[in-house]
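Colleague: One structure is given below, represented as structure tokens, and several questions about it will come after.
Coordinate-derived values only; no laboratory data. From a predicted model like this one, the values you see are computed outputs, not experimental measurements. Reconstructed Cβ throughout: ideal geometry from the backbone, glycine too, with neighbour counts over all protein chains shown.
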Amino acid sequence: MYDFAYHKPATLADAVKLLAADPDAKAISGGHTLIPALKLRLNRPSALVDLSGIAEMKGIRREGDALVIGALARHVEVAENAEVKAAIPALAYLAAHIGDVQVRNRGTIGGSLANNDPAADYPAAVLGLGATLHTSKRKIAADDFFLGMFTTALEPDEILVAVSFPIPERAGYAKMKNPASRYVMAGAFVSKGPMGVRVAINGAGPCVFRQAAMEAALAANWSPEAVAAIKQDPEGLNSDIHGSAEYRAHLVTVMAKRAVAAAG
Amino acid sequence: MNVVTPFEGIGARVKRKEDLRFLSGRGQYTDDINRPGQTYAFILRSPHAHARIAGIDTSRAAAMPGVVGVFTSADLAGIGGLPCGWQIHNKDGTPMAEPKHPVLAEGKVRHVGDPVAVVVAETRAQARDAAEAITVDYEVLPAVASMAAALAPGAPLVHEGVPGNICYDWHIGDAAAVEAAFARAAHRVTFETTNNRLVPNAMEPRCAVGEYDAATGEHTLYTTSQNPHVIRLLMGAFVLNIPEAKLRVVAPDVGGGFGSKIYHYAEEAIVTWAAARLGRPVKWTADRTEAFMSDAHGRDHVTRAELALDAEGRFLALKVSTRANMGAYLSTFAPCVPTYLYATLLAGVYTTPAIYAEVKAVFTNTVPVDAYRGAGRPEATFLLERLVDVAARQCGFDRVELRRKNFIRPEQFPYQTPVALQYDSGNYHATLDQALAAADWAGFEARRAEAKARGRLRGIGPSTYIEACGIAPSAVVGSLGARAGLYEVGTIRVHPTGSVTVLTGAHSHGQGHETTFAQLVADKLGVPIAKVEVVHGDTAKVPFGMGTYGSRSLAVGGSAMDRAMDKIIAKGKKIAAHLMEASVEDIEFERGIFRVAGTDKAKSLAEISLAAYVPHNYPIEELEPGLEETAFYDPKNFTYPGGCHVAEVEIEPETGRVHLVNFTAVDDVGRVINPMIVEGQVQGGVAQGVGQALLEGCVYDEEGQLLSGSMLDYAMPRADDLAPVSVATHTTLCTHNPLGVKGCGEVGAIGAPPAVINAVVDALRDWGVTHIEMPATPQKIWSIIQGRTR
Ligand SMILES: Cc1cc2nc3c(=O)[nH]c(=O)nc-3n(C[C@H](O)[C@H](O)[C@H](O)COP(=O)(O)OP(=O)(O)OC[C@H]3O[C@@H](n4cnc5c(N)ncnc54)[C@H](O)[C@@H]3O)c2cc1C
């Protein structure tokens, strides 16, 4: 990696100040996306602003009808948290199946969402549950947050602080892993609850997206069979040596069916 | 007295001595070695598959902080190319094309990753920073990234002097006999397949540290090698012109090789040369990305085969035509892999009387290809064992019965095949029967029906394989083009108080030699393994050696040790006869005790060795003091492990995903020294075989960019990709080495791939699927069954 300065602010306000003062500075949470990129010299930040000491970004708590997860919550914490398991077991399941043990012990929900890798897991849950993203500046609805491949509504000096998940009646997640990277090749997060019926598809396209036809079908009849016949258009989907757009489109249906079955 | 309790000799399931060191992080790997004043090398590699270098400007780099040297091929004048250790001859008797393999690119780059320049600096980061400041003026040329592209008429040439990109066009066998047999055959079966290109991926990336002592003129190279003496010979004699006596090569603990660390690589020569030039030690350590584009790859064959059978299913003849990818340059042993390690195995375990094979080796703009675990034999086995399943299906034979009918029978050994080899021993019927029983072959249809009820497609596949290892006799391999002998060296040093140091020319990089070899000593000399130290991997300590590959360490290296122990015993008997005032003929030796036959007079090995080193009462007129013996063992033949593997899989038809649910291996590896180590070797090999069958595939795009250039895109097998691997052995002894051993390092990687693919194809039999190329990825299976109906 190239040389960089390192800061570890204790408050959100200080962190924002550091990022605002230097356009080439970058936030770092678990480092499990950023550090590999630095090692490959794909990224050349002037400074790293380590968020891990900021207390207000930590913790998982129930607030009324919502589950609020601090951006610094590591995947393992979400996977093992009793509140999460009770309120949204599909979310705990998703977190428990990200990467491997080392990744889950370091990677954070905030880092994953800010990065918005098309093959990441969390974006599907956030969009599929209609969560709200709390930042250092504002609140952003999930539907407005994920803008495109590795792109979100976050501004350069804006820090993701917490995610508020409305608790659904039922929710389920299923994914097909890329055989090499084990990131998502195609996944579906489905839910029914205060935010209506939602189907979010990750891995298949350049950015997580909602599958409207499946949502309509499930609203009418919540069952795996309801989505089984709905075909995803391969146009615009990702294609690589592991899966063509056609294969991914096919998997979208299969994973949606499995997710509904898992949701019960 | 040295009585060994508990039993630690041949056959004992002794825990590995080396594991305490490895599991507690106290192994000493090349990258753990740091020499005073050490500098770091970074190698600038070509981003293009094929380009002319119009110029290189290193001036900015040379001025960067910490830089102590920047070198290109212009600085290496007088240094030889990397040598190739095996020369194959064409059908017409002319030698293969052997273009120069420069240490650093000379005027042209020929694959992504080809080394272009070296920066040496105080730190690794400074070296890398400076390398980014080098400007290389590339004129990009059209590349040939596949054999099909390289063989197309008018294709760009990888080497100007090699027309048609053909390295050699070789053949073996009796074409006329094969044609005659085809003419009278009842059945003819054609099968075409690609043996997928693999990236070895040892856990430890390659590393090399060069050091030069100006006061003595001695060079030292620490390197991740499977054969330090071979590197000393190749690099000293052919590249850098350093006499052996002034060059020490050390291969300390090595974290896996699988063949990829046999070869002499440019980086070894670079650090050795640069250390002398700069007067400071130089270290180079590959990262994983570099490993993908600079370690020799494996496999990469395209083959068409035809099998002729009579009406009863007896194999009459086999005709094989293979194209083998050499990559951009000839790696050290590349030419022998698709010839003498492949085509000579095409008889398999069968009595096919006539075989003809032709092999074209092709240069492409890709990383050089060389031996990878199994080397040639997995390619031959995959071809044959798929072909037999295809033939059974096409001609309506039961695939197990078809195998049985064509097996070489136990009483036919020694068996001369039509493709040069003479198998010494084996019992293929026994290994087949044992494997079918262990895998509950008979109960399979019930399991298939049960799986179907769950929506899964279940299939089962056999593979009855043979391999040749412990490659052998030097005179024979010499006549086939090897530019080296293939014996092994063992020294047994009995110390004054009876402990033993073993010096072996074999090299352990995961195989557990320190345990297995100590067990040989425990068994024969009666010394507890705690008192046996096995030394390997250092040309300054071990007299000589050819290293470890081709499952040769025990069969060849162990036999050398056994011979050396014979010499120890013979000398010990003379000393014992003197001490006990008996005649030498009356001395018996068993497990550490010299005894006068028929009496209770006895001396332990420790007593004898003490007498040898403190020769106060000693036959000094006839015998030299000391108790140390060396043997060079040149094998009489290859050894021929064989056996039967059975894979069972389930497929999710919706996604095409294959789950391996059962794997049974019954191997004949000859005499088993340590069953636990054999099981580990077989399981590891099976894991790699399953990897080749289901997951691993090295992919280049048409421009020669490596698409599977990291673990993100190259799928290695992980624990949950595997099933429990049940390992059993059925032993027939090797008849020509003193230990009766055959070798177990490669059997898993050889036997497993066709078993897995046979199972996958069997699972899809109702769809009319006859073949699936490796790796059988979910996407591939899904696309094949797309649109087909049951
Ligand atoms: C081997 C491996 C396998 C993996 N497998 C998976 C997988 O299967 N599924 C999956 O979803 N992920 C996977 N990941 C990614 C992993 O989950 C990452 O940890 C995660 O994507 C990023 O979280 P992080 O805390 O490590 O972020 P970091 O690496 O610290 O940061 C990532 C990016 O987000 C920014 N950032 C971080 N925190 C914030 C914040 N609070 N506000 C604003 N910006 C912020 C950083 O500036 C950076 O650009 C894998 C990673 C590895 C190394």
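Colleague: Taking the Cα centre of the stretch B:202-315 as origin, work out the dipole magnitude from +1 charges on Lys and Arg Cβ and -1 charges on Asp and Glu Cβ, in debye rounded to 20.
Modeller: 300
Colleague: Karplus couplings for the stretch B:447-463 from phi (6.51 cos²θ - 1.76 cosθ + 1.60, θ = phi - 60°), rounded to Hz, Gly and Pro as x?
Modeller: Residue by residue, the stretch B:447-463 yields 5, 5, 5, 5, 5, 4, 5, 8, x, 10, 9, 10, x, 10, x, x, 8 Hz.
Colleague: Show me, bin by bin at 10 Å from 0, the whole-percent P(r) of chain A based on Cα pairs.
Modeller: 7, 31, 36, 19, 6, 0
Colleague: Still on this structure, please answer the following. What relative contact order, as a whole-number percentage, does the stretch A:170-263 give when Cα pairs under 8 Å and 6 or more residues apart are counted?
Modeller: 34
Colleague: Further question on the same structure: Once each part is reduced to its C-alpha centroid, what is the distance from the stretch B:418-453 to the stretch B:681-743 in angstrom?
Modeller: Taking the Cα centre of each part, the stretch B:418-453 and the stretch B:681-743 sit 19 Å apart.
Colleague: Now for a separate question. Can you give the FRET efficiency for residue A:80 and residue B:530, using 1/(1 + (r/R0)^6), R0 = 35 Å, r = Cβ-Cβ distance, to the nearest 0.05? All intermediate terms of the calculation are to be shown ahead of the outcome.
Modeller: Values: r = 45 Å, r/R0 = 1.27.
Result of the calculation: an efficiency of 0.20.
Colleague: With 23 Å as the limit, write out which pairs from A:192/A:257; A:85/A:139; B:360/B:780 have Cα-Cα distances beyond it, or answer none.
Modeller: A:85/A:139; B:360/B:780
Colleague: Oh, and also: Listing B:30, B:351, B:639 from the residue with the fewest other Cβ atoms within 10 Å to the one with the most, what is the order?
Modeller: By the 10 Å Cβ count, ascending, the order reads B:351, B:30, B:639.
Colleague: Still on this model: How far apart, in nm, are two points set 7 Å out from the Cα along the Cα-to-Cβ line at residue B:7 and at residue A:42?
Modeller: So the label points at residue B:7 and residue A:42 sit 5.7 nm apart.
Colleague: Let me ask you something else. Once the Cα gyration tensor of the stretch A:88-195 is found, what semi-axes does its equivalent ellipsoid get, as square roots of 5 times the eigenvalues, in whole Å, sorted largest first?
Modeller: Value: 21, 18, 12 Å, ordered largest first.
Colleague: Could you put B:633, B:138 in order, starting from the residue whose Cβ has the fewest other Cβ atoms within 10 Å?
Modeller: Ordered by Cβ neighbours within 10 Å, fewest first: B:138, B:633.
Colleague: Also, quick follow-up: Within chain B, what is the longest stretch that has no GluC sites (Glu not before Pro) placed in a DSSP loop and near at most 11 other beta-carbon atoms within 10 Å? Before the final figure, lay out each step's value.
Modeller: Numbers: sites that count: B:160, B:312, B:581, B:621, B:622.
My reading of the result: B:313-580 is the longest stretch.
Colleague: If R0 is 25 Å, what FRET efficiency do you get for residue A:102 and residue B:34 from their C-beta distance, rounded to 0.05?
Modeller: About 0.40, to the nearest 0.05.
Colleague: Enter the Cα centre distance for the pair the stretch B:79-152 and the stretch B:356-372, rounded to the nearest angstrom.
Modeller: 16
Colleague: Reported to two decimal places, what Rg/Rh ratio describes the protein assembly as shown when computed on Cα atoms with Rh from the Kirkwood expression? Mind dumping the intermediate values first?
Modeller: Details: Rg = 31.6 Å, Rh = 31.6 Å.
Across the protein assembly as shown, the Cα-based Rg/Rh ratio is 1.00.
Colleague: Follow-up question, since we're still on this one. By counting other Cβ atoms within 10 Å of each Cβ, how are A:84, A:101, B:741, B:67 ranked from fewest to most? It would help to have the intermediate numbers written out before the result.
Modeller: On the way: A:84 24, A:101 9, B:741 29, B:67 21.
Fewest-to-most Cβ neighbours within 10 Å comes out as A:101, B:67, A:84, B:741.
Colleague: Using just the helices of chain A, give the 222 nm mean residue ellipticity in deg cm²/dmol: DSSP H runs with n ≥ 4 each add -39,500 (n - 2.57), and the total is spread over all residues, rounded to 500.
Modeller: Values: 12 runs with 94 residues, N = 264.
Helix-only estimate at 222 nm: -9500 deg cm²/dmol.
Colleague: Here is a further query. Pop out the ³J(HN,Hα) list for the stretch B:21-36 in order, Karplus 6.51 cos²θ - 1.76 cosθ + 1.60 with θ = phi - 60°, rounded to Hz; leave Gly and Pro as x.
Modeller: The phi angles translate into 4, 5, 6, 9, x, 10, x, 10, 9, 4, 5, 7, 8, 10, 9, x Hz.
Colleague: Alpha carbons only, please: Rg and Dmax for the stretch B:209-283, in angstrom.
Modeller: 11.5, 38
Colleague: Cut-off under 18 Å on the C-alpha distance; same-chain residues fewer than 8 positions from residue B:283 excluded. Which lysines are left, in chain and number order?
Modeller: Qualifying lysines at Cα under 18 Å: B:261.
Colleague: Collect residues whose amide H, placed 1.01 Å from N in the peptide plane, falls under 5 Å from the amide H of residue B:17; neighbours closer than 5 in sequence don't count.
Modeller: Residues meeting the criterion, in which the H sits 1.01 Å from N, are B:515.
Colleague: Still on this structure, I have one more. Residue by residue through the stretch A:171-185, which ³J(HN,Hα) values in whole Hz follow from phi under the Karplus form 6.51 cos²θ - 1.76 cosθ + 1.60 (θ = phi - 60°), with glycine and proline marked x?
Modeller: With coefficients 6.51, -1.76 and 1.60, one gets 7, x, 9, 9, 9, 10, 8, 5, x, 8, 7, 6, 6, 7, 8 Hz.
Colleague: Could you give P(r) for the stretch B:556-688, binned at 5 Å from zero, as whole percent values over all Cα-Cα pairs?
Modeller: Spelled out per bin, shortest first, that is 2, 8, 13, 13, 10, 9, 8, 8, 7, 6, 5, 4, 3, 2, 2, 1, 0.
Colleague: Taking amide H positions as placed in the peptide plane 1.01 Å from N, state which residues far from residue B:355 in sequence (5 or more) or on other chains have amide H under 5 Å from it.
Modeller: B:174, B:318
Colleague: Give me the net charge of residue B:598's neighbourhood, meaning all other residues with Cβ under 15 Å from the Cβ of residue B:598; Lys, Arg count +1, Asp, Glu -1.
Modeller: Working: positive: B:595, B:601; negative: B:581, B:585, B:586, B:588, B:590, B:600.
That works out to -4.
Colleague: Okay, helix-only estimate at 222 nm for chain B: each DSSP H run of n ≥ 4 adds -39500 (n - 2.57), divide by all residues, round to 500 deg cm²/dmol; what do you get?
Modeller: Working: 19 runs with 196 residues, N = 790.
Value at 222 nm, helices only: -7500 deg cm²/dmol.
Colleague: Taking H as built 1.01 Å from N, whose amide H comes closer than 5 Å to the amide H of residue A:67, not counting residues under 5 places away?
Modeller: A:165, A:167
Colleague: Considering only DSSP states other than H, G, I, E and B, which trypsin sites (Lys or Arg not before Pro) in the stretch B:335-439 qualify as loop sites with at most 10 other Cβ atoms within 10 Å?
Modeller: Numbers: sites: B:360, B:373, B:386, B:393, B:399, B:403, B:404, B:405; in loops: B:373.
When the trypsin sites (Lys or Arg not before Pro) of the stretch B:335-439 are filtered for loop state and at most 10 Cβ neighbours within 10 Å, nothing remains.
Colleague: Pairs of alpha-carbon atoms within less than 8 angstrom and 6+ residues apart define the contacts here; what relative contact order does chain B have, in percent? Write down the numbers at each step before the final one.
Modeller: Values: 2036 pairs, mean separation 126.8, N = 790.
Relative contact order, chain B: 16 percent.
Colleague: Do you know the relative contact order of the stretch A:1-55, to the nearest whole percent, from alpha carbon pairs under 8 angstrom that are 6+ apart? Walk me through the intermediate numbers first.
Modeller: Details: 81 pairs, mean separation 31.1, N = 55.
Relative contact order, the stretch A:1-55: 56 percent.
Colleague: I'd like the trypsin sites (Lys or Arg not before Pro) in the stretch B:444-484 restricted to DSSP loop residues with at most 10 other Cβ atoms within 10 Å, sorted by number.
Modeller: Sites meeting the loop and neighbour criteria: B:454.
Colleague: DSSP loop trypsin sites (Lys or Arg not before Pro) in the stretch A:1-72 with at most 14 other Cβ atoms within 10 Å of their Cβ, which ones?
Modeller: A:41
Colleague: Treat each spin label as a single point 7 Å out from the Cα along the C-beta direction, and report the residue A:7 to residue B:449 distance in nm.
Modeller: Here the modelled spin labels are 7.2 nm apart.
Colleague: While we're looking at this one, here's another question. Just the Cα atoms of the stretch B:301-420: what Rg and Dmax do they give in Å?
Modeller: Cα only, the stretch B:301-420: 15.5, 49 Å (Rg, Dmax).
Colleague: So how many Å³ per residue does the convex hull of the Cα atoms of chain B work out to?
Modeller: Convex hull of Cα atoms, per residue: 177 Å³.
Colleague: Above 14 Å lies some portion of the pair distances; for the stretch B:687-726, what is it as a whole percent of all C-alpha pairs?
Modeller: Numbers: 399 of 780 pairs.
Tail fraction, whole percent: 51.
Colleague: Say the cut-off is 21 Å between C-alpha atoms; which of B:524/B:742; B:541/B:571; B:246/B:541 go over it?
Modeller: B:541/B:571
Colleague: Once you order the gyration tensor axes a ≥ b ≥ c over the Cα atoms, which shape class does the stretch A:1-122 get: rounded for a/c under 1.5, otherwise prolate or oblate by comparing a/b with b/c?
Modeller: oblate
Colleague: Between residue B:722 and residue A:240, take the C-beta separation as r, use R0 = 30 Å, and let me know the FRET efficiency to the nearest 0.05.
Modeller: For R0 = 30 Å, the calculated efficiency reads 0.75.
Colleague: Treating cross-link reach as a plain straight distance, find the lysines whose alpha-carbon is under 16 Å from the alpha-carbon of residue A:8, omitting any fewer than eight places away in the same chain.
Modeller: Straight-line reach from residue A:8, under 16 Å: A:17, A:26, A:58.
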